[in-house]
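Engineer: Here's a structure for you.
The values are calculated or read from the model by the stated rules, or taken from the named source; none is laboratory data. The structure displayed is predicted, hence computed values, not measured ones. Quick reminder, even Gly has a Cβ in these numbers, built from the backbone with ideal geometry, and neighbours come from all protein chains shown. Just so you know, the surface numbers come from the protein's heavy atoms only, side chains and all, with ligands and any DNA or RNA stripped out. Shrake-Rupley method; radii C 1.70, N 1.55, O 1.52, S 1.80 Å.
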Amino acid sequence: QQQVKQSPQSLIVQKGGISIINCAYENTAFDYFPWYQQFPGKGPALLIAIRPDVSEKKEGRFTISFNKSAKQFSLHIMDSQPGDSATYFCAASPNSGYSTLTFGKGTMLLVSP
Amino acid sequence: EPEVTQTPSHQVTQMGQEVILRCVPISNHLYFYWYRQILGQKVEFLVSFYNNEISEKSEIFDDQFSVERPDGSNFTLKIRSTKLEDSAMYFCASSDGQGYTGELFFGEGSRLTVL
């Protein structure tokens, strides 16, 4: 019940295209859903996060869509750029982010020029 | 910009040996974490640490693991007797004073290879 399931495992998108990564969870106590971006040789870094009181959050080219009833959330990267090539992890936490993060397995995104 | 620093970046050790991984969290952060990532798999929580004691630990964090804040700046993870399956990237992270894990600041990781 603590798992966060992420798909796809890897993704190749043309420059300018839309990258979509999906996550699903089972634990209804989760109420904070961040996405982390990890470049090779670096640690994960917070990209964008959402709480279940909204269905969508947008920051620049990055959008999180959240479906509370389906217990699913997704990351959309609009106008994908080669510099977006990285591994993306979804995560979830209960207690509004004041408890341990549970991560998905990650999605390796490659944006081709 | 403040950052979490980790040493060593890569350590190779023989099975059964003790390993200490070191971390310097961001200076005004009070909550510290160790996560690990086995190659190609998800980032897994090991332990959280606050006020000089463990606040939460996962099932992975068994008796062979220990954490310590030996001084005001370092935060260490000790693996007492390494096993092959301990080979992974170990990430230290910190967060600010309220224990808010919504934004963890991760270091670049220490890659441990157990032979």
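Engineer: Under a 10 Å cutoff between Cα atoms, tell me which one of B:Arg80, B:Arg36, B:Arg69 has the largest fluctuation in the Gaussian network model of chain B.
Structural biologist: Residue with maximal mean-square fluctuation among B:Arg80, B:Arg36, B:Arg69: B:Arg80.
Engineer: On the full set of protein chains, 1.4 Å probe, figure out the accessible area of B:Val67 and give it in Å² to the nearest 10.
Structural biologist: Accessible area of B:Val67: about 20 Å².
Engineer: A:Leu11 accessible area, nearest 10 Å², 1.4 Å probe?
Structural biologist: 40 Å²
Engineer: Follow-up question, since we're still on this one. Top mean-square fluctuation among A:Ala86, A:Ala29, A:Ala49, Gaussian network model of chain A, C-alpha springs under 10 Å?
Structural biologist: A:Ala29
Engineer: Could I ask something else about it? Using only C-alpha atoms and all pairs of different ones, pull out the Kirkwood radius for the protein assembly as shown in Å with one decimal. Walk me through the numbers on the way to the answer.
Structural biologist: Values: mean 1/r = 0.0554 Å⁻¹.
Kirkwood hydrodynamic radius for the protein assembly as shown: 18.1 Å.
Engineer: OK, next. Calculate the FRET efficiency for B:Asn51 and A:Asn27 from the Cβ-Cβ distance with a Förster distance of 22 Å, rounded to the nearest 0.05. Don't skip to the answer; put the middle values down first.
Structural biologist: Values: r = 27 Å, r/R0 = 1.23.
Approximately 0.25, to the nearest 0.05.
Engineer: Taking just the alpha-carbon atoms of chain A, what radius of gyration and Dmax come out, in angstrom?
Structural biologist: Rg and Dmax of chain A, Cα atoms, are 13.3, 41 Å.
Engineer: Leaving out ligands, DNA and RNA, what percent of the accessible area of the stretch B:43-115 is carbon and sulfur, probe 1.4 Å?
Structural biologist: 42 percent
Engineer: Which positions within the stretch B:31-77 get 10 Å² or more of their accessible surface covered by the other protein chains, compared to the chain by itself, with a 1.4 angstrom probe?
Structural biologist: B:Tyr35, B:Gln37, B:Gly40, B:Gln41, B:Lys42, B:Val43, B:Phe45, B:Glu56
Engineer: Quote the FRET efficiency, to the nearest 0.05, computed for B:Thr113 versus A:Lys68 with a Förster distance R0 of 35 Å and r equal to the Cβ-Cβ distance.
Structural biologist: Details: r = 42 Å, r/R0 = 1.20.
So the FRET efficiency works out to roughly 0.25.
Engineer: Total accessible area buried between chains B and A, 1.4 Å probe, in Å² to the nearest 100? All intermediate terms of the calculation are to be shown ahead of the outcome.
Structural biologist: Details: alone 6700 and 6260 Å², together 11260 Å².
Approximately 1700 Å² gets buried when B meets A.
Engineer: Do any residues of the stretch A:33-51 lose at least 10 Å² of accessible area when the full set of protein chains is present rather than just their chain alone, and if so which, with a 1.4 Å probe?
Structural biologist: A:Tyr36, A:Gln38, A:Gly41, A:Lys42, A:Gly43, A:Pro44, A:Leu46, A:Arg51
Engineer: Okay, moving on. Within the stretch B:23-106, which GluC sites (Glu not before Pro) sit in a loop by DSSP and count at most 16 neighbouring Cβ atoms inside 10 Å? Walk me through the intermediate numbers first.
Structural biologist: Numbers: sites: B:Glu44, B:Glu53, B:Glu56, B:Glu59, B:Glu68, B:Glu85, B:Glu103; in loops: B:Glu59, B:Glu103.
Of the GluC sites (Glu not before Pro), the ones in loops of the stretch B:23-106 whose Cβ has at most 16 other Cβ atoms within 10 Å are B:Glu59, B:Glu103.
Engineer: Any idea how far apart A:Glu56 and B:Thr76 come out in nm if each label point goes 7 Å out from Cα toward Cβ?
Structural biologist: 5.2 nm
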